[in-house]
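Before any comments, here is the structure.
All of the numbers you see were taken from the coordinates with simple rules; none came from a lab. What you are looking at is a predicted structure, and each value in this text was computed from that prediction instead of being measured. Neighbour counts run over all protein chains shown; Cβ positions are idealised from the backbone, glycine included.
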Amino acid sequence: MDTKDYIILALALVVLVLIIVLIIVASKAKNSSNVKVKDGVRFTGDKKTNDQVTYYEKDVILEKNKEYIVEKNSYLIPGKYIILSSDGATKFNVRVAGIVKEFEHGQQIVLSIGETVTAVSNQVILR
């Protein structure tokens, strides 16, 4: 192989990489076309289903009627969270430290060590 063959091979590889990148970008654009932002919260969904909150990697998902204890180095750590309904409900009930309270979608909550938290009415996301 001489230098001309190496140049053709390098150009072919560059073209192949560009085609792969274009396919990936096009597929991501297609998947994100149904994303809506309401009050700073990303929702996905289509006409057939209700809007669903888009999950992020560090979101804490509280399953309905499952009790979580706030502890250091556990699933639910102490801190300030924004509480979101995963099914698009505007108001929902959560039991914090044994007391059931009604929260609104996007409301802030502060959790301290030793508190118990339970999603009562539906699945909840802490962000």
Within region 113-127, the count of residues that are free of Cβ contacts under 8 Å to residues at least 60 places away in the same chain and part of a loop (DSSP other than H, G, I, E, B) comes to 6
For region 67-101, what are the residues that are touching a strand residue (DSSP E or B) at 6+ places or on another chain (Cβ under 7 Å), without any contact (Cβ under 8 Å) to a residue 24 or more places away in the chain and hydroxyl-bearing (S, T, Y)?
Y75, T90
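Considering each residue of region 74-104, count those that are of a type outside the set (S, T, Y) and either surrounded by 20 or more Cβ atoms within 10 Å (Cβ to Cβ) or assigned to a strand (DSSP E or B) (or both), and give that number.
Number of matching residues: 17.
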Restricting region 54-81 to residues that are over 14 Å from L111 (Cα atoms) and of a type in the set (S, T, Y), which is nearest to the chain's Cα centre (by Cα)?
Y55
In region 54-65, anything farther than 11 Å from V124 by Cα, of a type outside the set (F, W, Y) and surrounded by fewer than 14 Cβ atoms within 10 Å (Cβ to Cβ) is listed as E57, K58
